[in-house]
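Engineer: Quick one: structure below, then a few questions.
No lab work stands behind these numbers, since they all come straight from the coordinates. These numbers come from a predicted model, not from an experiment. Cβ placement follows ideal geometry from the backbone for every residue including glycine, while neighbour counts extend to all protein chains displayed.
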Amino acid sequence: MFILSSPSGAGKTTISRMLLDRDGEINLSVSATTRPKRPGEVDGKHYHFVDQAEFDRMVEADEFYEWATVFGHCYGTPKAQIRSGLKEGRDYLFDIDWQGTQQLYQKDQQDVVRVFILPPSLDELQRRLTGRGTDSPEVIQARMERARAEISHWDGYDYVVVNDEVEACYDQVLAILHAERMKRARQTGLIGFVRGLMKD
Ligand code: 5GP
């Protein structure tokens, strides 16, 4: 479970898309959310867009690994889609906030890798949020305030990467993913392989 968190505008979505496009082995965990769809977003691909009643039903039915309220909307990780994949040893990318990260870590410390992406400065963050052109000035202001709060949780992560330049940031995130995959405990089948080596 490879978690990428950052204040919005720090480049996490771009980095996530690059990972999904270029690394054939990682799958996106598609969250459910009550927030309205943004232009260009596709239901079932970027999020499962649900109404509050459906979200509440899913919470009641214990269908989420974790869920949290972010910017006044509910977001949650549905268990169904990733449960079988995780059992088969597949890798999943989670684009979730610090609250969700804490919940996943508490449930499953060994399988979780937590990466936090920081913007090079708050000025640059504001510039990126404005340039995106999808949110009103009030929403951007709220996101800037939220960004400061989100940044304060940087110490709850295993890795911290500053996104000065997107390709360099991506290379660093990829290096983390590759190194974590090589951890002895994650290499299933290694015991049999090494036994075979020792017999020869
Ligand atoms: P946005 O509305 O910009 O897509 O996402 C807002 C925030 O919600 C981002 O920080 C994103 O990482 C977080 N988020 C998205 N999906 C989930 C989820 O399933 N669980 C949690 N805890 N946070 C999420």
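Engineer: Can you tell me the orientation of helix 12-22 relative to the chain, as the angle in degrees between its alpha-carbon axis and the longest Cα principal axis, to the nearest 10?
Structural biologist: Its long axis makes an angle of about 40 degrees.
Engineer: Specify the angular offset, from 0 to 90 degrees and rounded to the nearest 10, of the alpha carbon long axis of helix 166-181 from the longest principal axis of the alpha carbons in the chain.
Structural biologist: Rounded to the nearest ten degrees, it is 40.
Engineer: Let me ask something else about it. Would you please put 3-9, 90-96 in order of how densely packed they are, using the mean number of other Cβ atoms within 10 angstrom per residue and starting with the highest?
Structural biologist: Working: 3-9: 24.4, 90-96: 20.1.
Ranking, from highest mean packing down: 3-9, 90-96.
Engineer: In addition: State the number of lysine pairs found in the range 2-192 whose Cα atoms come within less than 24 Å, restricting to pairs 8 or more positions apart or on distinct chains.
Structural biologist: 13
Engineer: Okay, moving on. Taking amide hydrogens as modeled 1.01 Å from N in the peptide plane, which residues meet the under 5 Å criterion relative to residue 23, leaving out close sequence neighbours?
Structural biologist: Distant-sequence amide H within range of residue 23: zero hits.
Engineer: What FRET efficiency comes out for residue 111 versus residue 142 if R0 is 30 angstrom and r is the Cβ-Cβ distance? Round to the nearest 0.05.
Structural biologist: Values: r = 33 Å, r/R0 = 1.11.
After rounding, the FRET efficiency stands at 0.35.
Engineer: Against the 2.2 N^0.38 Å scaling, with N counting residues, where does the chain land? I'd like the Cα-based Rg ratio to two decimal places. Provide the component values of the computation, followed by the final result.
Structural biologist: Details: Rg = 18.1 Å, N = 200, 2.2 N^0.38 = 16.5 Å.
Output field value: 1.10.
Engineer: Let me ask you something else. Quick one: 3J(HN,Hα) in Hz for the range 146-152, Karplus 6.51/-1.76/1.60 with θ = phi - 60°, rounded, Gly and Pro as x.
Structural biologist: With coefficients 6.51, -1.76 and 1.60, one gets 5, 4, 4, 5, 5, 4, 5 Hz.
Engineer: With a 10 Å radius around each residue's Cβ, average the other Cβ atoms per peptide and rank 51-59, 180-188, highest first.
Structural biologist: The packing order, highest mean first, is 51-59, 180-188.
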